[in-house]
Amino acid sequence: MKKILFFIAFAATFTTMSAQEVSARAKAMRMMTFAKPEYMVKDVKVFIDTMTVYSLADYVIYPIGKWENVEQYITNTKLHWYREVGYKRYFDSMSVSVNILRRLDDSYIDMYRSITTGRVEMIAGKITDPEVVLDNGVHVGMSKEDVFRVLFKRFPKSYVADISVLKVISGAGEVGQIYTFKGNKLRHIGIISKYKYY
């Protein structure tokens, strides 16, 4: 009798888990239909509290805008940045000249000027300062709904209620931003890159 009860409990748990996975897939497919065309969203994945949006838009590669040099960006932001210049080693023991821009709250952006594109490219970053605004208008302190409205024309609020991490990743998966929410507010923006630079 105990074995039968155990089997029934296991089957119920497995069925519930499968139903939740189907629900996440259905949610992701529906969110794709709401995506703004300028973001050229090719896929959306939902896993527990994380939504990943794969986009072919230039914004994903240039979250702070397209600049020919770091000085243009610093001048445009009209913010006081502490600047460090040095070299960093990446992947296959290549050294890259990197500019690290920092704010007093320890927000930072690592960037370099690509000899391939002639533009400033992102390597990494952590932004917690609400005065640092990305090119699409996203900044720390925004409500979760406002952040999602940047990417989507509309969406059911229940679809984003449980999301605490939104990842916007390039089509090749090499660069992206990670938006982390606490409650209903954007608390942290991460910039990630897996490029082999130059």
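Summary table
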read-out	value
Whether the stretch 79-187 is rounded, prolate or oblate, judged on the alpha carbon gyration tensor where a/c under 1.5 counts as rounded	prolate
Computed lengthening from His80 to His188, 0.36 nm per intervening residue step minus Cα-Cα distance	36.9 nm
Dmax and Rg, reported as Rg then Dmax, of the stretch 128-198 (C-alpha, Å)	12.8, 43
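Just so you know, all these numbers are worked out from the coordinates, no wet-lab data involved. Everything quoted here is computed from the prediction, not taken from an experiment.
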